[in-house]
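Visitor: Below: one structure in structure tokens.
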Amino acid sequence: MMKKLLENWTLKVLALIFASILWFFVTGEQKLERYYAVPLDLKNLPSGMMVVSELPENIDVRISGPRTLLMNLHLQQISITIDLQGLEPGVTTLKRLEERLDLPGPLKITRLSPSYVDVKLERIASKQVEVAPRVSGEPAAGYRLVEVRSEPRRVMVEGAESAVEKLERITTATLDVTGLRENLRREVALLSAGRLISIQNSEAVTLEVVIAPLVPEE
């Protein structure tokens, strides 16, 4: 029995090696599908404008192709780039995002979501707005809150033109004056005016709280 097994052992070993190579080749060429969260990359934003529409950070892409290629395709190698050069203020619908994804020839995109994006651009505007101090609580018994002053009284904001035009004031974080018997100076943060507006130079102001004794009624 052993004698028969050992007959032509060289040919048998070569056949086994050949079969193994063939198996790896066939396996490597099997079709495969994989999902990728491909980053959405914006470039060449026109000067003096900003993107105001909410765009997805990633595009869900399903790619099919030879197993060997897909297994060696890494997310760091791919992105979907949108060139904003030459766009005017307003909404621009950018379709056929799959054409913006550069893949090796044998790989195919079988699904892409979303398949298009609406990019809205607005001009950037700036202006000064009033600071609106916010306080809570009551001074100690026998005392009253005379006034609350902000330093500075106005701050510069910048952002999307439509949002800046509507903005009238920036509110501070709430300062608690409960139990106060004397004046108070405290630095407080300015609250956000939304994702389309940024506060320039400083994100905090100094509030001066003026406290005075109650005047007895005659």
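Visitor: From the list Ser115, Ser162, pick out the single residue that is part of a helix (DSSP H, G or I) and within 23 Å of the chain's Cα centre (by Cα).
Guide: Exactly one of Ser115, Ser162 is part of a helix (DSSP H, G or I) and within 23 Å of the chain's Cα centre (by Cα), namely Ser162.
Visitor: Say we look at the stretch 31-51 and pick out the residues that are over 19 Å from the mean Cα position of the chain (by Cα) and at pLDDT 90 or above; which of these is surrounded by the fewest Cβ atoms within 10 Å (Cβ to Cβ)?
Guide: So, considering only residues that are over 19 Å from the mean Cα position of the chain (by Cα) and at pLDDT 90 or above, the one surrounded by the fewest Cβ atoms within 10 Å (Cβ to Cβ) is Ser47.
Visitor: From the list Leu70, Leu87, Leu97, pick out the single residue that is at pLDDT below 85 and not hydroxyl-bearing (Ser, Thr, Tyr).
Guide: Leu70
Visitor: Hey, another quick one. Just checking, how many residues over the stretch 122-144 are among the acidic types (Asp, Glu), within 23 Å of Glu187 (Cβ to Cβ) and assigned to a strand (DSSP E or B)?
Guide: 1
Visitor: With the structure loaded, tell me whether Leu184 is farther than 17 Å from Glu138 by Cα, touching an Asp or Glu at 6+ places or on another chain (Cβ under 9 Å) and assigned by TED's automatic domain parsing to the domain that holds Pro133 or whether it fails that test.
Guide: Taking the combined requirement at face value, the residue does not satisfy it.
Visitor: Another question, then. From the list Glu165, Glu138, which one is farther than 30 Å from Leu121 by Cα, among the acidic types (Asp, Glu) and touching a residue at least 12 places away in the same chain (Cβ under 8 Å)?
Guide: Just a single option satisfies the conditions, and that option is Glu138.
Visitor: Next question, about the same structure. For residues that are surrounded by fewer than 13 Cβ atoms within 10 Å (Cβ to Cβ) and not polar (S, T, N, Q), tally how many sit in the stretch 190-203.
Guide: Residues in the stretch 190-203 being surrounded by fewer than 13 Cβ atoms within 10 Å (Cβ to Cβ) and not polar (S, T, N, Q): 2 in total.
Visitor: In contact with a helix residue (DSSP H, G or I) (Cβ under 8 Å, 6 or more places away or on another chain) and either surrounded by 12 or more Cβ atoms within 10 Å (Cβ to Cβ) or among the charged types (D, E, K, R) (or both), is that true of Val157?
Guide: yes
The values are calculated or read from the model by the stated rules, or taken from the named source; none is laboratory data. Remember, predicted model here, so these are calculated numbers, not experimental data. Note that each Cβ is placed from the backbone with ideal geometry, even for glycine, and that neighbours are counted across all protein chains shown.
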